[in-house]
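**Student:** Here it is, the structure, as C-alpha coordinates.
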Amino acid sequence: MITSISNPLIKKVIKLQQKSAERKKTGLFVAEGRREVSLALKNGTKAVHLLICSDIYNTDADYPIDIQDHENILTRVSRAAYNRMAYRGDAEGVILVGQQQSWRPEQLVLPADPLVLVLEGIEKPGNIGAIMRTADAAGVDALVLAGARTDIYNPNVIRSSLGCIFSLQLASATTEESIAWVRDAANWPEGKKPTVVAASLQANNWYFNTDMKGPAVLLFGTEDEGLSSGWNAVADKPVKIPMLGDIDSLNVSVSVAILTYEAVRQRHGS
(Lines give C-alpha, C1' and ligand atoms only; values in the text may rest on other atoms or scores of the structure.)
Protein backbone atom coordinates (compact mmCIF):
# COMPACT_ATOMS: atom_id res chain seq x y z
CA MET A 1 0.00 0.00 0.00
CA ILE A 2 1.16 3.50 -0.84
CA THR A 3 0.82 5.81 2.13
CA SER A 4 3.18 8.64 1.21
CA ILE A 5 1.82 11.59 -0.72
CA SER A 6 5.35 12.03 -2.09
CA ASN A 7 5.32 8.66 -3.84
CA PRO A 8 6.29 8.94 -7.55
CA LEU A 9 3.04 7.30 -8.72
CA ILE A 10 0.96 9.72 -6.66
CA LYS A 11 2.90 12.63 -8.15
CA LYS A 12 2.42 11.19 -11.65
CA VAL A 13 -1.37 11.03 -11.23
CA ILE A 14 -1.51 14.58 -9.87
CA LYS A 15 0.51 15.85 -12.81
CA LEU A 16 -1.79 14.10 -15.29
CA GLN A 17 -4.81 15.59 -13.52
CA GLN A 18 -3.44 19.12 -13.63
CA LYS A 19 -1.34 19.43 -16.79
CA SER A 20 -2.70 19.20 -20.33
CA ALA A 21 0.88 19.12 -21.63
CA GLU A 22 1.59 16.02 -19.55
CA ARG A 23 -1.49 14.25 -20.89
CA LYS A 24 -0.46 15.16 -24.43
CA LYS A 25 3.13 14.02 -23.92
CA THR A 26 2.26 10.66 -22.32
CA GLY A 27 -1.03 9.89 -24.09
CA LEU A 28 -2.54 9.09 -20.69
CA PHE A 29 -5.56 10.42 -18.79
CA VAL A 30 -7.07 10.13 -15.32
CA ALA A 31 -10.64 9.06 -14.54
CA GLU A 32 -12.00 9.21 -11.00
CA GLY A 33 -15.10 7.56 -9.55
CA ARG A 34 -16.95 4.22 -9.88
CA ARG A 35 -19.16 5.20 -12.82
CA GLU A 36 -16.35 6.80 -14.81
CA VAL A 37 -13.85 3.98 -14.23
CA SER A 38 -16.45 1.27 -14.88
CA LEU A 39 -17.52 2.82 -18.20
CA ALA A 40 -13.91 3.30 -19.27
CA LEU A 41 -13.06 -0.36 -18.65
CA LYS A 42 -16.36 -1.63 -20.10
CA ASN A 43 -15.75 0.22 -23.36
CA GLY A 44 -12.23 -1.01 -24.00
CA THR A 45 -9.94 1.60 -22.45
CA LYS A 46 -6.46 0.21 -21.94
CA ALA A 47 -5.81 0.57 -18.21
CA VAL A 48 -2.30 1.47 -17.04
CA HIS A 49 -2.91 1.91 -13.29
CA LEU A 50 -5.93 1.20 -11.10
CA LEU A 51 -5.69 2.84 -7.68
CA ILE A 52 -8.05 1.81 -4.88
CA CYS A 53 -8.52 3.22 -1.39
CA SER A 54 -10.15 0.39 0.57
CA ASP A 55 -11.21 2.78 3.34
CA ILE A 56 -13.47 4.60 0.87
CA TYR A 57 -14.26 2.26 -2.03
CA ASN A 58 -17.51 0.30 -2.17
CA THR A 59 -18.75 -1.86 -5.02
CA ASP A 60 -21.62 -0.66 -7.20
CA ALA A 61 -23.85 -3.20 -8.96
CA ASP A 62 -24.80 -0.69 -11.66
CA TYR A 63 -21.19 0.22 -12.42
CA PRO A 64 -19.06 -2.84 -11.60
CA ILE A 65 -15.27 -2.81 -11.58
CA ASP A 66 -13.60 -6.23 -11.76
CA ILE A 67 -10.68 -5.60 -9.44
CA GLN A 68 -9.45 -9.20 -9.60
CA ASP A 69 -9.20 -8.91 -13.37
CA HIS A 70 -6.81 -5.98 -12.94
CA GLU A 71 -4.57 -7.26 -10.13
CA ASN A 72 -1.51 -6.80 -12.34
CA ILE A 73 -2.03 -3.02 -12.44
CA LEU A 74 -3.76 -2.58 -9.06
CA THR A 75 -2.25 -0.32 -6.41
CA ARG A 76 -3.84 0.19 -3.02
CA VAL A 77 -3.41 3.61 -1.46
CA SER A 78 -4.12 5.18 1.90
CA ARG A 79 -6.91 7.71 2.41
CA ALA A 80 -4.35 10.52 2.63
CA ALA A 81 -2.67 9.47 -0.63
CA TYR A 82 -6.03 9.07 -2.39
CA ASN A 83 -7.26 12.47 -1.28
CA ARG A 84 -4.02 14.05 -2.48
CA MET A 85 -4.80 12.79 -6.00
CA ALA A 86 -8.58 13.05 -6.09
CA TYR A 87 -10.62 16.04 -7.18
CA ARG A 88 -13.43 14.96 -4.84
CA GLY A 89 -11.86 14.11 -1.51
CA ASP A 90 -13.17 10.99 0.27
CA ALA A 91 -15.46 10.23 -2.70
CA GLU A 92 -15.75 6.71 -4.18
CA GLY A 93 -12.13 5.68 -3.67
CA VAL A 94 -11.11 4.59 -7.17
CA ILE A 95 -8.90 6.22 -9.81
CA LEU A 96 -7.90 4.92 -13.25
CA VAL A 97 -4.92 5.97 -15.33
CA GLY A 98 -5.72 4.94 -18.89
CA GLN A 99 -4.45 5.19 -22.46
CA GLN A 100 -6.13 7.86 -24.57
CA GLN A 101 -7.89 6.76 -27.75
CA SER A 102 -7.80 8.96 -30.83
CA TRP A 103 -10.15 8.36 -33.76
CA ARG A 104 -10.52 10.04 -37.12
CA PRO A 105 -14.01 10.60 -38.61
CA GLU A 106 -13.32 8.12 -41.41
CA GLN A 107 -12.72 5.40 -38.80
CA LEU A 108 -16.26 5.66 -37.40
CA VAL A 109 -18.54 2.66 -37.87
CA LEU A 110 -22.00 3.95 -38.77
CA PRO A 111 -25.37 2.19 -39.16
CA ALA A 112 -27.67 2.57 -42.17
CA ASP A 113 -29.34 5.80 -41.01
CA PRO A 114 -26.88 7.37 -38.60
CA LEU A 115 -27.43 10.35 -36.33
CA VAL A 116 -24.15 12.22 -35.93
CA LEU A 117 -23.33 15.36 -33.95
CA VAL A 118 -20.56 17.71 -35.10
CA LEU A 119 -19.30 20.36 -32.68
CA GLU A 120 -17.07 23.12 -34.01
CA GLY A 121 -14.74 24.98 -31.67
CA ILE A 122 -16.64 24.24 -28.45
CA GLU A 123 -14.26 25.21 -25.67
CA LYS A 124 -15.78 24.82 -22.20
CA PRO A 125 -15.22 21.35 -20.71
CA GLY A 126 -18.56 21.48 -18.90
CA ASN A 127 -20.45 22.06 -22.15
CA ILE A 128 -18.62 19.24 -23.92
CA GLY A 129 -19.31 16.87 -21.04
CA ALA A 130 -23.00 17.80 -20.93
CA ILE A 131 -23.29 17.24 -24.70
CA MET A 132 -21.70 13.81 -24.30
CA ARG A 133 -24.34 12.89 -21.71
CA THR A 134 -27.08 13.94 -24.13
CA ALA A 135 -25.46 12.01 -26.98
CA ASP A 136 -25.25 8.86 -24.87
CA ALA A 137 -28.81 9.15 -23.57
CA ALA A 138 -30.22 9.79 -27.06
CA GLY A 139 -28.32 6.93 -28.67
CA VAL A 140 -26.37 9.19 -31.03
CA ASP A 141 -24.19 7.11 -33.34
CA ALA A 142 -21.11 9.34 -33.29
CA LEU A 143 -19.78 12.66 -32.04
CA VAL A 144 -17.19 14.58 -34.07
CA LEU A 145 -15.17 17.43 -32.60
CA ALA A 146 -14.15 19.83 -35.37
CA GLY A 147 -11.38 22.27 -34.59
CA ALA A 148 -11.47 21.36 -30.90
CA ARG A 149 -10.14 24.04 -28.55
CA THR A 150 -10.11 21.85 -25.46
CA ASP A 151 -8.12 18.81 -24.41
CA ILE A 152 -10.84 16.17 -24.70
CA TYR A 153 -9.32 14.19 -21.81
CA ASN A 154 -9.41 17.18 -19.49
CA PRO A 155 -10.60 15.77 -16.12
CA ASN A 156 -13.45 18.32 -16.18
CA VAL A 157 -14.72 16.84 -19.47
CA ILE A 158 -14.61 13.33 -18.02
CA ARG A 159 -16.34 14.41 -14.80
CA SER A 160 -19.06 16.48 -16.46
CA SER A 161 -19.74 13.68 -18.97
CA LEU A 162 -20.17 11.20 -16.07
CA GLY A 163 -17.97 8.85 -18.06
CA CYS A 164 -20.00 9.07 -21.29
CA ILE A 165 -16.80 10.08 -23.06
CA PHE A 166 -16.02 6.35 -22.97
CA SER A 167 -19.42 5.10 -24.18
CA LEU A 168 -19.52 7.15 -27.40
CA GLN A 169 -17.96 6.80 -30.82
CA LEU A 170 -15.83 9.93 -30.65
CA ALA A 171 -13.65 11.41 -33.40
CA SER A 172 -11.73 14.64 -33.88
CA ALA A 173 -10.36 16.51 -36.88
CA THR A 174 -9.77 20.03 -38.12
CA THR A 175 -12.75 22.00 -39.39
CA GLU A 176 -11.59 21.55 -42.99
CA GLU A 177 -11.17 17.79 -42.56
CA SER A 178 -14.58 17.51 -40.90
CA ILE A 179 -16.27 19.37 -43.76
CA ALA A 180 -14.58 17.13 -46.33
CA TRP A 181 -15.65 14.04 -44.39
CA VAL A 182 -19.30 15.12 -44.26
CA ARG A 183 -19.36 16.00 -47.97
CA ASP A 184 -17.83 12.75 -49.23
CA ALA A 185 -20.60 10.21 -49.94
CA ALA A 186 -18.05 7.40 -49.68
CA ASN A 187 -17.92 7.96 -45.92
CA TRP A 188 -21.61 7.17 -45.48
CA PRO A 189 -23.39 3.80 -45.51
CA GLU A 190 -24.54 2.85 -49.03
CA GLY A 191 -23.23 6.22 -50.23
CA LYS A 192 -26.31 7.98 -48.81
CA LYS A 193 -25.16 11.49 -47.98
CA PRO A 194 -26.83 12.77 -44.81
CA THR A 195 -29.17 15.68 -44.28
CA VAL A 196 -26.95 18.32 -42.69
CA VAL A 197 -28.83 20.44 -40.15
CA ALA A 198 -27.09 23.53 -38.78
CA ALA A 199 -28.26 25.42 -35.72
CA SER A 200 -28.29 29.12 -36.64
CA LEU A 201 -29.94 32.26 -35.28
CA GLN A 202 -30.17 33.58 -38.85
CA ALA A 203 -32.14 30.59 -40.17
CA ASN A 204 -35.72 30.95 -41.42
CA ASN A 205 -36.88 27.42 -40.59
CA TRP A 206 -37.93 26.08 -37.18
CA TYR A 207 -36.05 22.97 -36.11
CA PHE A 208 -39.28 20.98 -35.56
CA ASN A 209 -40.31 21.44 -39.22
CA THR A 210 -37.11 19.83 -40.51
CA ASP A 211 -36.97 16.16 -41.47
CA MET A 212 -34.25 14.34 -39.52
CA LYS A 213 -35.52 10.77 -39.88
CA GLY A 214 -32.88 9.55 -42.34
CA PRO A 215 -29.08 9.87 -42.16
CA ALA A 216 -28.49 13.18 -40.41
CA VAL A 217 -25.64 15.36 -39.19
CA LEU A 218 -26.47 18.05 -36.63
CA LEU A 219 -23.97 20.93 -36.64
CA PHE A 220 -23.31 23.27 -33.72
CA GLY A 221 -20.83 26.11 -33.32
CA THR A 222 -19.91 28.35 -30.41
CA GLU A 223 -22.52 30.58 -28.77
CA ASP A 224 -20.67 33.79 -29.64
CA GLU A 225 -19.38 32.98 -33.14
CA GLY A 226 -21.62 30.21 -34.45
CA LEU A 227 -20.34 28.00 -37.25
CA SER A 228 -17.47 29.08 -39.49
CA SER A 229 -18.24 30.08 -43.07
CA GLY A 230 -16.90 26.83 -44.53
CA TRP A 231 -19.96 24.97 -43.31
CA ASN A 232 -22.29 27.11 -45.46
CA ALA A 233 -21.73 24.93 -48.51
CA VAL A 234 -22.46 21.79 -46.49
CA ALA A 235 -25.38 22.77 -44.28
CA ASP A 236 -28.40 22.26 -46.51
CA LYS A 237 -30.92 22.84 -43.70
CA PRO A 238 -30.17 25.76 -41.35
CA VAL A 239 -32.67 25.78 -38.48
CA LYS A 240 -33.44 27.92 -35.47
CA ILE A 241 -34.92 27.40 -32.03
CA PRO A 242 -37.69 29.80 -30.95
CA MET A 243 -36.33 32.53 -28.67
CA LEU A 244 -39.42 34.23 -27.21
CA GLY A 245 -37.87 36.17 -24.36
CA ASP A 246 -35.24 38.89 -24.06
CA ILE A 247 -32.12 36.85 -24.77
CA ASP A 248 -31.03 35.68 -28.22
CA SER A 249 -29.18 32.43 -27.50
CA LEU A 250 -29.18 29.28 -25.39
CA ASN A 251 -26.26 27.45 -23.86
CA VAL A 252 -24.88 25.25 -26.63
CA SER A 253 -25.44 22.06 -24.64
CA VAL A 254 -29.14 22.96 -24.33
CA SER A 255 -29.40 23.63 -28.08
CA VAL A 256 -27.79 20.27 -28.79
CA ALA A 257 -30.25 18.51 -26.48
CA ILE A 258 -33.29 20.18 -28.11
CA LEU A 259 -32.33 19.30 -31.69
CA THR A 260 -31.04 15.84 -30.83
CA TYR A 261 -34.23 14.82 -29.09
CA GLU A 262 -36.31 16.20 -31.93
CA ALA A 263 -34.40 13.81 -34.19
CA VAL A 264 -35.07 11.00 -31.70
CA ARG A 265 -38.79 11.87 -31.61
CA GLN A 266 -39.03 11.78 -35.39
CA ARG A 267 -37.16 8.50 -35.62
CA HIS A 268 -39.10 6.69 -32.91
CA GLY A 269 -42.57 8.11 -33.56
CA SER A 270 -44.90 9.87 -31.14
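The values are calculated or read from the model by the stated rules, or taken from the named source; none is laboratory data. Not measured: the values here are computed from a predicted model. Neighbour counts run over all protein chains shown; Cβ positions are idealised from the backbone, glycine included.
**Student:** Which residues, counting only those in the range 74-109, are surrounded by 15 or more Cβ atoms within 10 Å (Cβ to Cβ), in a helix (DSSP H, G or I) and out of contact with any Asp or Glu (no Cβ under 6 Å at 6 or more places or on another chain)?
**Tutor:** Once the filter is applied, which keeps residues that are surrounded by 15 or more Cβ atoms within 10 Å (Cβ to Cβ), in a helix (DSSP H, G or I) and out of contact with any Asp or Glu (no Cβ under 6 Å at 6 or more places or on another chain), the range 74-109 yields A81, Y82, N83, R84, M85, P105.
**Student:** Can you report the number of residues in the range 219-240 which are within 21 Å of L143 (Cβ to Cβ) and out of contact with any strand residue (DSSP E or B) (no Cβ under 7 Å at 6 or more places or on another chain)?
**Tutor:** Count: 5.
**Student:** For the range 66-101, name all the residues that are touching a Leu at 6+ places or on another chain (Cβ under 9 Å), within 30 Å of V256 (Cβ to Cβ) and either modelled with pLDDT under 95 or basic (K, R) (or both).
**Tutor:** Q101
**Student:** Among the listed residues A180, A146, which satisfies the condition of being surrounded by fewer than 21 Cβ atoms within 10 Å (Cβ to Cβ), under 24 Å from A112 (Cα atoms) and among the aliphatic types (A, V, I, L, M)?
**Tutor:** A180
**Student:** Taking only the range 132-153 into account, find how many residues are among the polar types (S, T, N, Q) and at pLDDT below 95.
**Tutor:** The total comes to 1.
**Student:** A follow-up question, please. Output yes when any residue across the range 40-50 is more than 20 Å from the chain's Cα centre (by Cα), buried (at least 21 other Cβ atoms within 10 Å of the Cβ) and not assigned by TED's automatic domain parsing to the domain that holds G129, and no when none is. Write out each step before concluding.
**Tutor:** Our first condition is that a residue be more than 20 Å from the chain's Cα centre (by Cα); within the range 40-50, this holds for 48-50.
Restricting the remaining residues to those that are buried (at least 21 other Cβ atoms within 10 Å of the Cβ) gives 50.
With the extra rule that they be not assigned by TED's automatic domain parsing to the domain that holds G129, the set shrinks to 50.
Among the residues of the range 40-50, at least one is more than 20 Å from the chain's Cα centre (by Cα), buried (at least 21 other Cβ atoms within 10 Å of the Cβ) and not assigned by TED's automatic domain parsing to the domain that holds G129, which makes the answer yes.
**Student:** Could you grab me the full set of residues in the range 176-227 that are among the hydroxyl-bearing types (S, T, Y), over 21 Å from N251 (Cα atoms) and assigned to a helix (DSSP H, G or I)?
**Tutor:** If the condition is that a residue be among the hydroxyl-bearing types (S, T, Y), over 21 Å from N251 (Cα atoms) and assigned to a helix (DSSP H, G or I), then S178 is the only one that fits.
**Student:** Give me the residue from the range 247-270 that is out of contact with any Asp or Glu (no Cβ under 9 Å at 6 or more places or on another chain) and not in a helix (DSSP H, G or I) and, out of that set, surrounded by the fewest Cβ atoms within 10 Å (Cβ to Cβ).
**Tutor:** The extreme case among them is S270.
**Student:** Are there any pairs, at least 6 apart or on different chains, whose C-beta atoms fall under 7 Å, with the first in the range 113-138 and in the same structural domain as I258 (by TED's automatic domain parsing) and at positive phi and the second of a type outside the set (K, R) and crowded, with 22+ Cβ neighbours inside 10 Å, and if so, which?
**Tutor:** Close Cβ pairs (under 7 Å, with a partner that is of a type outside the set (K, R) and crowded, with 22+ Cβ neighbours inside 10 Å) amount to G121/G221.
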